[in-house]
Every structure is written in C-alpha cells, then in structure tokens.
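Report on the structure given below.
The values are calculated or read from the model by the stated rules, or taken from the named source; none is laboratory data. Worth saying up front: this structure is predicted, and the values here are computed from it rather than measured. Virtual Cβ from ideal backbone geometry, glycine too; neighbours counted across all protein chains shown.
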Amino acid sequence: WTLGFDTRMMTVRENEHDICKNLVKRPDMDYFDYYNSEFDHVSHHNNDDASRIASLRDLDRTIGHIWTCIEDSPRAAETALVVVSDHGFNSSPKVYSQGFNLVKLLGSPAGGGHHVITKRFLMMSYAIKSLNPLASMVRTSSEDSYYLKGQADKYPTALLDFDGNERSSLHLRNSDLNRLHLLLLELKKGDLKPAIRDAAADGVIEIIEKDRSDWQQTSTEMTEELNALERWKDAAKPMLATLPIAESKTVTREQAWNNRRVRRRVDDAETDLADYRRYLASLAKLLAVKREDLTKRKFDIEELIAPNSMGDQNSLHDLENYVVGLGQNGLVVGKDGKLDSDASFRRVDYFQLLLDQRVRNNVQEGVSSHPIDFVAVRVPVASVRDSVADDLRSDDDAVLMYAGAEHEVLLLTRKSESGEQSYRYLPIANFRQTEDGRVSFERREIRSGLPLGYFEDPQLSVAGDRAAWFNSWHDETEWLHAVHKTTYSIGIIGLNEQMDDHPFSDPDLTGDAGLIHRFRLRQRRLTEADILIMASDHWNFDVRGFNPGGNHGSFFRASTNSTFMIAGGDATGIPRGLTVEEPYDSLSFVPTLMRLLGKTDDQNRPIPTVHSLGYRKFPGRVVREVVR
C-alpha cells in the first residue's frame with residue numbers, strides 16, 4: 001500500500017501469475033499458502049459499503065483465478081483450495097470508529113507518568129526509523145514521570161501491546177521495583193535527614209529480604225539455563241561456516257532456509273546471553289548490598305537495578321496500589337522510626353483508572369462515552385481455592401473480569417480426566433487481594449450488566465431457565481453452542497486462552513535441551529501482561545491515530561466470526577455444496593487440514609515424521625462434516 005495503487009496491483013497480479021505458472025503445477029509442492037491483506041486495510045480506513053464490496057470483488061477475482069489454475073493442473077483431482085480469514089470485522093457504515101490513546105493516558109500524571117514501550121510509532125510523533133513499520137521497542141517518554149525523567153532509554157516502566165485494535169495488553173514494571181528505585185534515589189541525596197536516611201535504608205533491606213528467596217532461586221535456575229544455552233551456542237557456532245544460506249544446485253530451498261534459521265538462533269542466543277548475564281550480575285549485587293553501603297551512599301543504582309528490567313509480574317494488590325512516585329511530602333517517617341508507606345508513596349489503582357475513563361466530546365449516538373468496556377486479570381488458583389465452596393474449585397488459574405466493583409465475574413476452569421475443559425461464569429462483587437496474596441469477594445446472583453453481557457443477550461441459546469444454566473459448569477462445546485451468536489460470542493473461551501497459563505513440558509527434553517526449553521518458558525512468563533484491556537463497541541486503541549473504518553481483536557462476534565470455505569477435487573473426498581451449521585472455533589482449522597493431508601491420526605496426534613519435527617497433539621475439534 002505504501003508503494004501506491006499501481007505498484008501494489010502489479011505485485012498482486014505477479015503473485016497470482018507465479019502461483020498459477022509455477023506452484024500449482026509443481027509435482028513436489030504439496031502445500032502453499034497465500035496471504036492477502038487488502039480487505040483488512042480497506043476496512044480499517046473506510047466504513048462505507050462500496051469500498052469494502054469493491055475490495056471483496058477483487059479478492060473474489062484472485063480466488064477465482066487460483067481455482068481455475070488448480071482445475072487446469074494435472075493434480076486437480078487431489079488438490080483442495082482452502083479460504084480462511086484470521087478474524088472478522090466490527091464495522092458499520094453508520095458509525096466511525098473512535099480511538100483512545102492509552103499511551104498518552106499512561107504517560108500523564110494521573111496515569112503514572114510512565115515511559116511506554118510499544119511496537120508502533122504514535123502518529124503524534126511520527127518518524128521513519130525502520131523499513132519495518134512494526135519495529136520493536138518504540139519508546140514514548142513521559143515529561144510527567146515522577147522520578148525517571150529523561151531515562152526512557154534505560155528504565156521504561158510500561159509495555160503496551162495494541163495488535164488487537166479493540167484490545168490491549170498492559171505490562172507494568174513491578175511495583176516493588178519502583179519503590180526500591182525511589183528509595184535508592186533518595187538515599188543518593190546528600191541532604192537527606194538522618195532519620196529519613198535510616199528509614200529509607202531499612203525500607204530497601206525490607207524489600208530485598210521479602211524477595212530474597214525468589215530472587216536467589218531465579219539466579220540459580222537462570223545461571224543453569226544460560227550455561228546450557230552457551231554450551232549449545234559454542235557447539236553450533238563453528239558449524240555456521242559449513243551451512244550455506246543460498247539456494248544452489250546442491251542446496252535446496254528448504255536446506256538454505258533451515259541454515260538461515262540456525263544462524264538466527266545463534267545470533268539470538270548471543271544477545272540473550274549478554275542481556276541476561278548483565279541482569280544476573282545486577283541481581284547478585286542487589287542481594288549482596290549492605291545497609292551501611294546504603295546509608296553512606298556507596299552504591300550505583302544502575303548496578304543494582306538492571307536497565308530495561310521490568311521485574312516480576314504484579315499481583316492484583318500491586319495493581320490496585322501501584323507505586324508511581326513519592327508522596328506529596330516525600331518520604332515520611334512514622335513515630336516508630338519506620339517509613340509511613342501510605343504517606344511516602346504516590347499510588348495508582350489501575351482497575352479504577354481504566355474504567356473511569358470517559359470522553360466528553362462523543363457525538364455519535366449509540367457509542368459509549370466510556371472507551372473501555374472491562375479489564376481482565378489472571379488470579380492464581382491457590383489464592384482463590386480457599387475462598388470458594390468445593391463445587392467451585394478450579395484446577396487452573398481463574399480470570400477476573402472487572403467492569404466496576406459491583407460488576408465483576410470470575411471465570412473458573414476445570415479439567416476432566418480426558419483433558420476436556422469446563423468453565424463456570426461466577427458473578428461476584430468487591431474482589432480484593434491483601435498484600436500477602438489472600439483474596440476475598442462477595443457472591444452475587446446472575447444479572448444484566450456483567451462483563452460479556454451473556455445473561456441479557458437475546459441470542460443466548462440455552463434450554464430452560466437462564467439463571468439455572470449459568471449456575472452450573474459447562475464444557476467448551478456446550479458454551480460454544482450457547483453463546484456463539486451473542487454479541488461477545490465465545491469470549492469466555494477466548495479469555496481463558498488469552499489469560500491462562502499454558503505450561504508445556506516435553507518429557508523427551510533432558511539435559512541442556514530441557515534447560516534451554518525452561519529458559520524460553522521463563523522468557524514467555526516474563527513478558528506476560530498484567531492487565532488485558534477490552535474496548536467498548538466501536539472503540540479502538542490504535543496508536544497511529546484516526547482509524548475511522550472498523551476494528552477487530554476483541555471477542556465481539558463481529559470481530560471474531562471468520563470465513564472458512566474449502567473445495568476439493570474428486571480424490572479429496574471433500575463434500576460439495578454443504579453448509580456446516582455446527583459452530584467451530586479457530587482451533588479447528590489446523591487439525592482439519594492436517595487430517596486432510598494425512599498428517600495426524602483420529603486423535604489429532606501427528607504421525608511419526610511430523611512428531612519428529614517437534615509437533616505434538618493438536619488442540620481443537622476436526623470439522624467432521626469435511627473429514628469423513
């Protein structure tokens with residue numbers, strides 16, 4: 001699109017020509033996919049039917065061209081054409097999509113004065129710094145930072161992911177790490193009163209001792225993991241010179257691609273080793289710090305708090321009492337000689353902050369003045385277990401959906417012996433977590449106005465009394481049948497997939513391979529979001545500015561309802577002229593294709609050759625109407 005209409009269309013036509021002339025007729029080509037983003041681009045920037053219909057006609061012409069080429073190929077009888085969209089589109093010719101800038105909110109004094117990392121540049125500070133428009137680590141510094149002004153390059157405090165338009169994931173630097181940083185900054189001052197200096201030093205030691213056991217375990221385990229990664233890197237690096245990365249008469253395209261992948265993995269390993277060893281060095285110095293070093297200012301903050309580190313994930317209590325700066329009067333010492341924590345630190349309740357957002361200039365009838373519908377956070381299963389009756393015991397972490405203190409839902413999950421998941425939608429109010437992790441809440445009856453809005457949705461399909469239905473556990477298929485036509489569709493399943501912890505342990509991985517696998521899981525956990533933010537209908541969080549067309553990324557049916565069409569030659573066994581009425585979700589796509597290709601058995605387990613490539617049993621139901 002950035003090259004202009006003529007160039008873009010020439011590229012599209014050339015792609016089609018290559019597919020028809022080369023790929024379709026190659027006897028060694030069993031699978032290829034073709035991605036077209038034109039409708040997505042048009043629909044984001046236009047909300048009129050004419051533009052979208054024109055785009056669909058162009059897409060239809062492309063699909064028709066490819067299908068005609070397949071029918072003319074020598075393998076037509078055994079070839080299938082599959083058309084699938086990765087999402088739906090929430091768009092209306094009567095409504096312009098409205099954008100709400102979370103980066104500006106988080107950078108404001110009320111939002112905490114954060115230095116924010118995103119994957120896209122803000123329109124208000126547009127700059128071409130990379131040929132890749134999704135260049136990573138785009139930092140937006142805040143002039144309102146309470147204690148880190150001018151240090152966005154060293155100490156970002158918020159990561160924000162907007163890739164869903166209608167949803168955003170927020171990852172905040174650990175609140176205790178902020179408190180530690182603030183105390184160290186105060187201790188560096190030469191004019192600090194002795195009583196305050198002593199209390200601040202005690203505060204630093206208190207934080208270290210509180211987390212010492214966890215930090216020492218992290219240091220020990222990560223050292224093992226990095227040593228294993230270094231051994232792998234040292235063994236792989238000498239081989240790079242013998243791995244050609246260009247296709248030739250003796251090197252296939254697949255071999256060249258695999259060789260480039262090995263080179264990238266070695267480069268990534270070298271970067272990870274350097275970054276994480278610096279982090280461990282800082283952690284070791286922090287664990288070894290002495291009180292007299294603090295009171296005598298014999299320390300370097302950057303040696304104790306590693307730049308770019310975000311610390312451990314915040315608890316719910318942290319997010320409701322998040323430290324963003326010093327209190328109005330700076331550090332305050334109580335009569336007992338200790339810091340008065342409430343008076344000494346400025347805090348933000350991010351649940352309340354986000355739900356309180358309201359725009360005054362909303363002129364579109366039917367569009368809420370509140371850009372945020374609800375937020376969701378993961379609740380450790382251990383903290384919930386003692387707060388519910390036996391019939392509500394969950395096997396996995398719960399998900400708290402928050403739309404106000406009186407409008408909360410706990411999503412509980414159970415697994416059967418066969419691995420089938422069941423969910424419970426539990427209305428609650430006044431959810432709280434204490435500093436030591438204990439939770440409390442009040443049960444409420446099912447009613448209207450709760451997150452996801454299932455109870456009052458006219459498209460909810462359940463037999464008998466609605467309240468009684470919600471008072472029971474139901475498996476994924478039962479939920480799918482009940483809610484897939486509602487406004488929020490299968491949001492309850494999507495939320496679990498988005499928020500739940502998905503550990504993966506491969507018994508085949510031992511020794512260094514197992515340690516490297518554990519390190520990659522650690523990296524994944526370190527970047528998990530604290531809060532999932534869901535936009536209200538026809539709102540989006542696009543940081544690039546005005547986005548008048550449509551959105552996707554939320555769990556709205558309009559945003560998630562996808563196209564899945566498949567046609568095949570006589571030898572494929574695919575039925576013709578059949579409309580599938582049974583609801584399926586996107587997890588059915590890969591297992592269905594793998595079964596058609598003969599790559600899995602009737603339990604979705606990969607055949608030996610596929611298993612050897614690292615694949616395991618695929619989740620999701622096979623579309624039985626297609627695979628018979």
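Annotations
- Within this structure, L339 passes the test of being closer than 30 Å to V439 by Cα and in contact with a Leu (Cβ under 8 Å, 6 or more places away or on another chain).
- Search result, residues across region 582-628 that are in contact (Cβ under 8 Å) with a residue 24 or more places away in the chain, assigned to a loop (DSSP other than H, G, I, E, B), closer than 26 Å to S489 by Cβ and not charged (D, E, K, R): P583, Y584, F618, P619, G620, V622, V623, V626, V627
- In region 144-175, of all residues being farther than 12 Å from T118 by Cβ and among the aromatic types (F, W, Y), the one that is surrounded by the most Cβ atoms within 10 Å (Cβ to Cβ) corresponds to Y155.
- Of all the residues in region 433-460, those that are within 13 Å of K485 (Cα to Cα) and exposed (fewer than 13 other Cβ atoms within 10 Å of the Cβ) number 1.
- With respect to the conditions (1) closer than 27 Å to A403 by Cβ; (2) modelled with pLDDT under 90, A558 falls short on a single one, namely (2).
- The single residue among L287, L331, L319 that is more than 30 Å from I516 (Cβ to Cβ) and in a helix (DSSP H, G or I) turns out to be L319.
- Subset of region 436-449 (residues that are out of contact with any Lys or Arg (no Cβ under 6 Å at 6 or more places or on another chain) and free of Cβ contacts under 8 Å to residues at least 60 places away in the same chain): D436, R438, F441, E442, R443, R444, E445, I446, R447, S448, G449
- Residues that are hydrophobic (A, V, I, L, M, F, W, C), touching a residue at least 24 places away in the same chain (Cβ under 8 Å) and under 30 Å from L172 (Cα atoms) number at least 3 in the following helices (runs of 4 or more DSSP H) confined to region 10-125: 102-107.
- Residue within region 305-315 that is in contact with a Pro (Cβ under 9 Å, 6 or more places away or on another chain) and either of a type in the set (G, A, S) or in a helix (DSSP H, G or I) (or both) present: yes
- Some residue of region 105-122 being surrounded by fewer than 17 Cβ atoms within 10 Å (Cβ to Cβ) and among the aliphatic types (A, V, I, L, M): yes
- Screening G620, G545, G553, G614 for residues that are at pLDDT below 90, under 31 Å from the mean Cα position of the chain (by Cα) and surrounded by 20 or more Cβ atoms within 10 Å (Cβ to Cβ) leaves exactly one candidate, G553.
- The criterion of being among the small types (G, A, S) and at pLDDT 95 or above holds for S448.
- S282 being hydroxyl-bearing (S, T, Y), assigned by TED's automatic domain parsing to the domain that holds S219 and part of a helix (DSSP H, G or I): yes
- Applying a threshold of 6 Å to beta carbon distances and a minimum spacing of six or more residues, or different chains, the list of pairs starting in region 246-264 at a residue that is assigned by TED's automatic domain parsing to the domain that holds D28 and closer than 17 Å to L613 by Cα and ending at one that is at pLDDT 85 or above and assigned to a helix (DSSP H, G or I) is empty.
- Some residue of region 176-187 being of a type outside the set (D, E), surrounded by fewer than 14 Cβ atoms within 10 Å (Cβ to Cβ) and touching a residue at least 40 places away in the same chain (Cβ under 8 Å): no
- Region 507-533 residues that are at pLDDT 90 or above, paired with ones that are crowded, with 19+ Cβ neighbours inside 10 Å and of a type in the set (D, E, K, R) (beta carbon under 6 Å, 6 or more apart): L515/E225; R518/E225; F519/E225
- From L452, L411, residue being touching a residue at least 60 places away in the same chain (Cβ under 8 Å), under 26 Å from the mean Cα position of the chain (by Cα) and either assigned to a loop (DSSP other than H, G, I, E, B) or not assigned by TED's automatic domain parsing to the domain that holds R378 (or both): L452
- Any chance V439 is more than 25 Å from D585 (Cβ to Cβ), in the same structural domain as V384 (by TED's automatic domain parsing) and of a type in the set (A, V, I, L, M, F, W, C): yes
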